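Notes to accompany the following structure.
The values are calculated or read from the model by the stated rules, or taken from the named source; none is laboratory data. Quick caveat, the model's predicted, so the values are computed rather than measured. Don't worry about glycine lacking a Cβ; one is built from the backbone with ideal geometry, like all the others, and counts go over all protein chains shown. When the accessible area is computed, the model is the full protein with side chains, heavy atoms only, and any ligands, DNA or RNA have been set aside. Shrake-Rupley method; radii C 1.70, N 1.55, O 1.52, S 1.80 Å.
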Amino acid sequence: MAVNQQRSEFRVADAKQYNQRSPLIWMLSHAWEHKLFLFTALVGYLIGYSAFSYARILIGEAADIILNPTTQDAVIRISVMITGVLVLDGIGSLLGSMSTETLANRLERDSRHELYISLLGKSQTFHDQQRVGDIMARATDDVRQLNFTISPGIIFLFDMVLGFAVPIIFIATVNWQLLLVPFLFLLVYILMVREYNTRLSPVIDEQRNQYGVMNAGLEESISGIEIVKVAAQEAFERFKFGKNAKKYRDLFVKQGQIEAGYLPFLAYGIAFGLMFLHSYYLYSQGILDLAGVIAIMGLMGILRFPVFISLFSLSLLQMGRASAGRILKLMEDESDIDENTAGHSGTIEGAITFENVSFGYTDEHTIIKNISFEVKSGDTVAIVGQTGSGKSTLTQLVGRTYDVDEGRVLVDGVDVREWQLDSLRSQIAKIEQDVFLFSRSVAENIAFGVPDAGQEAIEHAAKEAQAHDFITGFQDGYDSEIGERGVTLSGGQRQRLALARAFLKNPRILIMDDSTSAIDSATEDEIQKAMRRAQEGRTVLLITHRLSQIRWADVILVIDHGELVAQGKHEDLLRTSQHYRRIFARYETDLPELEAAGD
Amino acid sequence: MGFIMDGLDAEGYDREYSDGELVRRIISYFKPERLRISLVSLAVVLNAGMDTALPIAISYYLDRLQQSPETFSAVQATFVLAFIASLSWVFNFVRQWLSATSVGNVTLTLREEAMNAVTERDMSFYDKYPSGKVVSRVSSDTQAFSEVVRLAINLFSQLLIVVLLVAYLFTVNVQLTFVLLAISPFIIFTAMQFRTIARKTVTNSRRIMATVNSHVQESVSGIGVAKTFRREQMIYDEFKEVNNKAYSINLLTGYTFGSIFPILITIAGLGTGAIVWFGVNIAQDSILTAGEWFLFIQGMQMFWFPLTSISSFWSQFQLGLAAGERVFALIDAEPVVIQVDDKQLGDIRGEISFENVNFHYVEGEPVLDDFTLTINAGETLALVGHTGSGKSSITKLITRFYEFQGGTIRIDGVDIRELDLHSYRTKVGVVTQTPFLFDGSVLDNVRYGKYDESDETVIEVAKQVGGGDWIDYLSDGISTEVGERGNNLSMGQKQLVALARVLMQDPAIFILDEATASVDPLTEALIQEGLDTILQGRTSIVVAHRLSTIKNADRIIVLDHGRILEEGSHDALIAKGGHYADLYNTYFRHQSLDYIEGVGAAD
């Protein structure tokens, strides 16, 4: 399916379309975009190989001149011709090589570009599901691999094909009967290479795998060395490593052994001898002269190189195909949610309702099981539960990061699926657990959602978020750059910057994953102030560990294994929920009587 | 492989071991392989001999064919040529087969030795070498080092062919051989120039590509945020700029690398032209036969490529030696924690005493200075203080991860230096700030080190932590796979597993470095219940960050720059209104119920 057939949240006007039917076709479609270079590469290498092969014929003629000396002119002429032809070979190779480099790098640039546009067009659903590391690997490593597949991959391929074809054609021009041995050799060669690869590829794969296993085990033992030592398990860890290392050694040796037995070289040696025999036969028949024999032996000698190079080219091409496949798969992943431009729009009041909502990322595994609750506009909702209980998933259903499997999610009484996506999302802000900040200035990060915000507005938002003080504490203040080359921020500071960013956007619904640790009470005071500000005048869904936030929320939702096991205010839950009581049991308050109607 | 562009990174290595030392050492590792290596060397020489013999034989038969056709036997010629080629293949086979085995064995030995050394080192070693570096030294540097021998053999074999061929050619015609040799300085010079240019290009390109890559990574990982704020266009524009920049840089590098072979081919071509010119002239004076002339042409073909290997050899060799040095640095590292005896203590009561202990990690920066403290058997002791006050150091000395420089530490009255470390450590349980779990099931992790115990026993023990509810909360119960470093579990769940592991170990001394990371309140309740269980009946030293911990401790020690400022119970110290009260206000106040209740009352 081509890019333009997918539903997409982002489009670029002049984006090129490529044929995505299969990895090979896709790569060819990209290459075709720059067919000029494909053409010049082919021409360049053709010239190179033809020149080199023709030189063998000329060398044969020169031998003739030695045996039957003629004029000095003839000597000069043949020497100049041979030199000229070999220089032509160099020029042709240069043309071929430059063209291939250009093609390879353009392919890399274009495919990365295509991938990026495709990624931008994917829904939030898609991005939340991907591990950033995986996407990165596609965008950097796999795309780079495509480059290598062209250069030197295609070059090797040219070498292999032209390296066989051109000399053989020249052999034919000397005498077509001589094609017998080369063709037989080619046949045998193809069979041998096929068999060789069938034996070698699995070993290489296994070896690479085993190296990864050995490395991972080693990394684990060393990272956990404290535990290893307190458990006095050094000998055990060494034993584990030794097993892995031995297995790797065995595969390493096996690979070397298979590579040692690369039969095509043997076949080549024998073919060479047979070629001599055949040319002698023609010589004895008077069909071939000595110059011809010398030319033939020279041409046969050229074949040694493609036999050598085929060792590398096939694996490169294979890796390229695998990379292309992975990139294509990423691009083909469907974006589930549509923009619904014709849907309901308007200012959100902030009332949220969940009606018998069930949801799972996959069909087998349901995360949210039949949850129902109601939130009034302006309420602060604290969501409490263990990891994996479904807290984050719950919040992701509000902004249509995912669509429910069963039931409905309503915002202001309207099913979120009927809202215009843009209108809905523009009024919802999310603060993630890992706050992502760009490598740009503090001011730019705060104003990210509202690019034309003035300095006053930015500072106001920062003050509300209790971030203004520490920002002005930096040497460059609001212009300080964040990131590797700039200031490093603590978790609490990042959280407050994210709050400032959210304030500027002034959302009607704020979804916040508050998981920064409380290190010192002073910072804690600041964060509490900021969060109180954030809760004013909007509906807040808060995933938090802070008891202070839970205690005072308007609604507390306790989630266990995807089910809503308790909802209500603090005082109510202390009386009715076993789960909830356990949290506060450690504090020396006298808990109220547990009522029967609980869990 | 000896490829012309290999080993460009060899510049700027500070080395402590000399080349000679390293070479001698690598040779000593190959001693057990000496039979194989000698066979390999023999095979190399014979292979080179055959490879040289082939073109010579061809030229011989060409001459025979032309000069005395009646004595010429085509079958014989064919047979000889095919035979020589086959022998060459056989010798190459032997060489590759045996050298793969030798290199594989030597690498394995090096790896095992490195691993042995590494696991025996104490924690000061691990401060010096981050785990990533250690891992790469054991896995890849060992490989690189063993490859030095393969590299040397390769080069030797290639040069041998050249030497044999040139030697033979000298006997045929001196002048023409000189013409052939005249090309070598051009080839080598060009190759080296390329390396200089390439090195600069590669360094620049690598630096810029690192920046470009990190920009690409940022714009890829920022897509989520960009979508939230509907700013896809902005991030797209940024990306386009960066992507195009990457293209120009890579293209330049590509052109540089792509022009090497064509240029070298051209030089070789000019050389061939020269041979043709001179050769024809000499041959016309009847000193050279057609076959011999042809041999020179072939020689030119075989000659120039090995020369390019020379230019890359030295750098590759240096890289290999540098790798070896990194490996030996691991193996040769001096152990710092040294025991003078190996007394076994049997059942430890758990009384620990520090007597005038001096300790530093780095010379000149004392952490503990004349430190004295007695911890009673079964006591729960909480350590509090600012960062760098010495809290963690005390625990590290008790586990004997570091060596202290002065004073004495006694366990049950016995000097800690006299104990058998392995048996002592089984009686000390540790839970670190970020608990480390091994890839495997929760059951495996709880059991770690106690392989004689049955599954039922392990599960029974695990249930004692917080009533065992935590096991039900796991996706697969006790069989849940925790993943690499336990990443499938939350921080809180990891702590619970670590507590269960300690319970399984049943140590006399328990050390806990409380996590500061935030854990959800339900799990937190379980952890605290679990802690209650563990703290009972054993000596426990806790670097405290939880309010409940310090409130329930038998004794609290307030540390500052390695000295004890105050000690006592929580209530007594609060009443004092001194250092402890300050610390409480800074680090613990927000955990109290008063604070929680107070938040709602504010503004």
Put a dot 7 Å past each Cα toward the Cβ at residue A:29 and residue B:230; how far apart are the dots in nm? 3.1 nm
Send over a whole-number figure in Å² for the accessible area per residue of region A:434-506, probe 1.4 Å. 46 Å²
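Counting only protein heavy atoms and a 1.4 Å probe, tell me what percentage of region A:182-294's accessible area is made up of carbon and sulfur.
62 percent
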3J(HN,Hα) from dihedral phi, region B:480-493, Karplus parametrisation 6.51/-1.76/1.60, rounded to Hz, x for glycine, proline: 3, 7, 7, x, 4, 6, x, 5, 7, 9, 7, 4, x, 5
Mean separation of Cα contacts under 8 Å, 6 or more apart, over the residue count of chain A: relative contact order %: 14 percent
Just to verify a number: FRET efficiency for residue A:226 and residue B:175, C-beta to C-beta distance, R0 = 45 Å, to 0.05? 0.05
At 1.306 mPa s and 10 °C, Stokes D of the protein assembly as shown from Kirkwood alpha-carbon radius, µm² per second: 44 µm²/s
Theoretical FRET efficiency, 1/(1+(r/R0)^6), r = Cβ-Cβ of residue A:148 and residue B:433, R0 45 Å, to 0.05: 0.55
Could you report the buried accessible area between B and A, both sides summed, computed with a 1.4 Å probe and given in Å² to the nearest 100? 14200 Å²
Give the separation of the Cα centroids, region B:504-579 to region A:513-574, in Å. 26 Å
To the nearest µm²/s, what D does Stokes-Einstein give for chain B at 10 °C and 1.306 mPa s, using the Kirkwood radius over alpha carbon pairs as Rh? 51 µm²/s
Please compute the modelled spin-label separation between residue B:248 and residue A:68, points set 7 Å along Cα→Cβ, answer in nm with one decimal. 6.1 nm
Rg(Cα) of region A:23-332 divided by 2.2 N^0.38 Å? 1.36
Diffing region A:397-411: the Karplus 3J(HN,Hα) column from phi (6.51, -1.76, 1.60, θ = phi - 60°), in whole Hz with x for Gly and Pro, holds 7, 6, x, 6, 4, 10, 9, 5, 7, 9, x, 9, 10, 10, 10
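In Å², and per residue, what accessible area does region A:23-332 have when probed at 1.4 Å with the other protein chains present?
Values: 12260 Å² over 310 residues.
Here the per-residue accessible area is 40 Å².
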Using a 1.4 Å probe on the heavy atoms of the protein chains only, list every residue of region B:73-116 that has 40 Å² or more less accessible area in the complete assembly than in its chain alone. B:74, B:78, B:81, B:89, B:96, B:97, B:100, B:108, B:111, B:112, B:115
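Enter the mean number of other protein chain beta carbons within 10 Å of the beta carbon of each residue in B:477-485, as an integer.
Per residue, the number of nearby Cβ atoms from other chains is 1 on average.
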What residues from region B:335-368 fall in the zone where the backbone N is under 18 Å from a label point 7 Å along the Cα-to-C-beta line of residue B:374? B:349-357
Too-long pairs where the Cα-Cα distance tops 27 Å, listed order kept, from A:391/A:529; B:128/B:343; A:243/B:396; A:463/B:240; A:391/B:133: B:128/B:343; A:243/B:396; A:463/B:240; A:391/B:133
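Per residue, how large is the accessible surface of chain B? Use a 1.4 angstrom probe and give square angstrom.
Spelled out: the 1.4 Å probe surface of chain B, per residue, equals 41 Å².
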Residues in region B:518-536 that, when all protein chains are in place, have 30 Å² or more less accessible area than the chain alone would give (probe 1.4 Å): B:518, B:520, B:521, B:522, B:525, B:528, B:529
Note on chain A: helices (DSSP H) long enough, at least 27 Å by alpha carbon along their axis, and hydrophobic enough, mean Kyte-Doolittle at least -1.0, are A:35-67, A:72-121, A:155-174, A:180-223, A:234-260, A:263-284, A:304-332
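So if we plug the beta-carbon distance of residue B:197 and residue A:43 into 1/(1 + (r/R0)^6) with R0 = 22 Å, what FRET efficiency do we get, rounded to 0.05?
Working: r = 27 Å, r/R0 = 1.23.
Result of the calculation: an efficiency of 0.20.
Could you work out Rg/(2.2 N^0.38 Å) for region B:226-329, with Rg from alpha carbons only?
2.04
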If Rh is defined by the Kirkwood formula over all Cα pairs and Rg also comes from Cα, what ratio Rg/Rh do you get for chain A? 1.16
Quick numbers on region A:434-506, Rg and Dmax over C-alpha atoms in Å, give 10.6, 30
What would the Debye equation give as log₁₀ I(q)/I(0) for region B:436-524 at q = 0.13 Å⁻¹, counting only Cα atoms as equal point scatterers? -0.38
Let me know the volume per residue of the alpha-carbon convex hull for region B:178-288, in Å³. 91 Å³
What does the extension gain come out to for residue A:184 and residue A:362, with contour length at 0.36 nm per residue minus their alpha carbon separation? 58.5 nm
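Measure off, as a whole percent, the carbon and sulfur share of the 1.4 Å-probe accessible area of region A:349-391, all protein chains present.
With neighbouring chains kept in place, the figure for region A:349-391 is 43 percent.
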Between helix B:74-120 and chain B, what is the angle of the helix's C-alpha long axis to the longest principal axis, kept within 0 to 90° and rounded to the nearest 10? 20 degrees
Could you look at region B:448-505 and say what percent of its accessible area is carbon and sulfur, using a 1.4 Å probe and all protein chains? 40 percent
Apply the Karplus curve 6.51 cos²θ - 1.76 cosθ + 1.60, θ = phi - 60°, to the phi angles in region B:417-433 and return the couplings in whole Hz, x for Gly and Pro. 6, 9, 8, 6, 4, 4, 6, 4, 5, 5, 9, 10, x, 10, 10, 8, 4
Cα-projected label distance for residue A:173 with residue B:548, points at 7 Å along beta-carbon direction, nm: 9.0 nm
Distance between Cα centroids, region B:105-148 to region B:150-167: provide it in whole Å. 33 Å
Based on alpha-carbon centroids, what's the gap between region B:270-342 and region A:391-418 in Å, whole number please? 68 Å
